[in-house]
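The values are calculated or read from the model by the stated rules, or taken from the named source; none is laboratory data. Just so we're clear, the structure is a prediction, and the values are computed from it rather than from any experiment. FYI the Cβ positions are ideal-geometry reconstructions off the backbone, even for glycines, and counts take in every protein chain you see. The accessibility values were calculated without ligands, DNA or RNA, using every heavy atom of the protein model including side chains. Shrake-Rupley method; radii C 1.70, N 1.55, O 1.52, S 1.80 Å.
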Amino acid sequence: MTNSQTIDWQVLLDRAREAAACAYAPYSEFPVGAAGLTADGRIVSGCNVENASYGLGLCAECGMVSDLHRTGGGRLVAMVAANPEGEKLVPCGRCRQLLHEAGGGDLMVDTTRGPRPLRELLADAFGPDDLLARQADHPEGS
Ligand code: THU
């Protein structure tokens, strides 16, 4: 994100709410949408998609991260999850880890308590840097 890029949280919330309207959640009846802003100014979104084999359900954030890669990749700088009424929801634990991969600790996540950096929601996160550090310690073939 450039310094000149401001985050329009209302637009993101509107997009999350729109995405939630597309959710496939016949089992929980708890539709969720997620919308994120990328470093190059795109908005990506996703909705939850459940499955008759309950444990296979996909959270809205999963769909959003897929949309991130489908539309050109890059980094997420801000995101929000919401229900179809536009009420904000906090990402579940697994999705916090997904978001960390896509945006790192600086990713701003809007919550009912306002925007917060992901590092506050997922402290001391395991991430790509941990693997890279390990590879540097143990180069292939050594
Ligand atoms: N859900 C999400 O889509 N994102 C979250 O961060 C929390 C939970 C979905 C999963 C499931 O389809 C429904 O909400 C109820 O848990």
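Going through (1) touching a helix residue (DSSP H, G or I) at 6+ places or on another chain (Cβ under 6 Å); (2) on the phi > 0 side of the Ramachandran plot; (3) within 9 Å of the ligand (Cβ to nearest atom) one by one, E29 falls short only on (1). For region 92-137, a tally of residues being under 24 Å from D40 (Cβ atoms), in contact (Cβ under 8 Å) with a residue 12 or more places away in the chain, open to solvent by 80 Å² or more (accessible area, probe 1.4 Å) and in a helix (DSSP H, G or I) returns 2.
Might you let me know whether region 99-108 holds any residue that is touching a Ser or Thr at 6+ places or on another chain (Cβ under 8 Å) and within 16 Å of the ligand (Cβ to nearest atom)? Looking through region 99-108, none of the residues is touching a Ser or Thr at 6+ places or on another chain (Cβ under 8 Å) and within 16 Å of the ligand (Cβ to nearest atom). Restricting attention to region 63-80 and to residues that are away from the ligand (no atom under 13 Å from the Cβ) and of a type in the set (A, V, I, L, M), the residue that is farthest from G104 (Cα to Cα) turns out to be L68. Residue count for region 44-62 satisfying the condition of being near the ligand (Cβ under 8 Å from one of its atoms) and either touching a residue at least 40 places away in the same chain (Cβ under 8 Å) or not β-branched (V, I, T) (or both): 9. Residues in region 60-91 that are of a type in the set (S, T, N, Q) and loosely packed, with under 15 Cβ neighbours inside 10 Å: S66, T71.
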